[in-house]
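The values are calculated or read from the model by the stated rules, or taken from the named source; none is laboratory data. Model, not experiment: these values are computed from the prediction. So basically every Cβ, Gly included, is an ideal-geometry build from the backbone, and we count neighbours across all protein chains shown. Protein only, heavy atoms only, side chains kept; ligands, DNA and RNA dropped before computing areas. Shrake-Rupley method; radii C 1.70, N 1.55, O 1.52, S 1.80 Å.
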Amino acid sequence: MDEIVRMIAADGTVRAVAITGKDMAERARQIHKTLPVATAALGRTLMGCAMMGSDLKTEDGSVTLRIQGGGPLGSITAVADSHGNARGYLQNGQVDLPRKAPAKLDVGSAVGTDGYLTVIKDIGLKEPYVGSVELVSGEIAEDLTSYFAVSEQIPTACGLGVLVNTDQSVLCAGGYIVQLLPGADDAVAGRLEGAVGRLGPVTDVLNRGADAQTLLEQLLERVPVSYRCYCSRERVSRALISLGRNELEHMIEEQGETDLTCQFCDVVYHFSKEELKTILQEATKA
């Protein structure tokens, strides 16, 4: 089972979260029918977003990551709730690039570096918090590290990895975010840097049978997470109402009926002509 594990040092100077997300990344691959480099990019984004979402203190809060790097994958979007459940999509999942090494997918080139990583945190306030940084490498983990340093002024180490099998399925996936809190001195930072260096690539550790607890060494909390979309027929109906009377009248006249597909989970919602007329009446009242 995919899970998130949290840890905080006894002296309160280091906070960390880790995730194992094989099923999450594989579910995204199956929904969006991605090729390996796209699977890795989307999986990393989902897991990074899930860990950030799980850190929210607001029950109904959410975190959105948007990555637009100008690479062939196009834009990548992931959304996570406060429990770490995530969903996402990308523009061009059929991109395939040569590997940088026999077991190293070139995610950086596929994502690109000519653009931004944007983080949107909705914690129930009047306006969501929005932070944006220029992409550093397109490898996603390094870009999240840069975001925390620039936008939130938190020294951070982030690792994300998705290992794709020969049949293009996800063999293992996981990651971590480790942060220095106020009061951490240079000695603590040095020890953390050394520990991250010794850990090495996330997928190497996971492929040897490790889990999120092993990544962090000290377990405080274990939370199940999954690929989860919150779309519903009711929400799609509200979206149609928001189109307005003129657009709905045109739709009924030109098409008679319509199919709307959720970008996150690929579920198709069919609306008959009679249903569209009912929605038009609602829009007229609004």
Of the residues in region 121-173, those that are among the polar types (S, T, N, Q) and under 20 Å from ASP106 (Cβ atoms) number 7
Restricting to region 48-63, give me the number of residues that are open to solvent by less than 20 Å² (accessible area, probe 1.4 Å) and either under 23 Å from ASP211 (Cβ atoms) or of a type in the set (Val, Ile, Thr) (or both).
8
Whether any residue in region 248-258 is in contact (Cβ under 8 Å) with a residue 24 or more places away in the chain, on the phi > 0 side of the Ramachandran plot and not hydroxyl-bearing (Ser, Thr, Tyr) is what I want to check.
no
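Counting only residues that are more than 10 Å from the chain's Cα centre (by Cα) and touching a residue at least 40 places away in the same chain (Cβ under 8 Å), how many does region 68-96 have? Even if it seems obvious, please write down each step before you answer.
Here is the first cut: in region 68-96, the residues more than 10 Å from the chain's Cα centre (by Cα) are 68-75, 81-83, 90-96.
If we keep only those that are touching a residue at least 40 places away in the same chain (Cβ under 8 Å) as well, we get 68-72, 81, 83, 90, 92-96.
Of the residues in region 68-96, 13 are more than 10 Å from the chain's Cα centre (by Cα) and touching a residue at least 40 places away in the same chain (Cβ under 8 Å).
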Is there a residue in region 210-226 that is open to solvent by 30 Å² or more (accessible area, probe 1.4 Å), at pLDDT 90 or above and out of contact with any Cys (no Cβ under 8 Å at 6 or more places or on another chain)?
yes
If a residue has to be touching a strand residue (DSSP E or B) at 6+ places or on another chain (Cβ under 7 Å) and open to solvent by 10 Å² or more (accessible area, probe 1.4 Å) to count, how many in region 83-104 make the cut?
4
From the list ASP11, ASP23, which one is modelled with pLDDT under 95, open to solvent by 40 Å² or more (accessible area, probe 1.4 Å) and not basic (Lys, Arg)?
ASP11
Please enumerate the residues belonging to region 250-274 that are open to solvent by 70 Å² or more (accessible area, probe 1.4 Å) and over 24 Å from LEU90 (Cα atoms).
HIS250, GLU253, GLU254, GLN255, GLU257, LYS273, GLU274
Considering only region 26-47, state which residues are buried (at least 24 other Cβ atoms within 10 Å of the Cβ) and either out of contact with any strand residue (DSSP E or B) (no Cβ under 8 Å at 6 or more places or on another chain) or among the hydroxyl-bearing types (Ser, Thr, Tyr) (or both).
THR34, VAL37, THR39, THR45
Would region 146-168 turn up any residue that is surrounded by 15 or more Cβ atoms within 10 Å (Cβ to Cβ) and under 23 Å from ASP266 (Cα atoms)?
yes
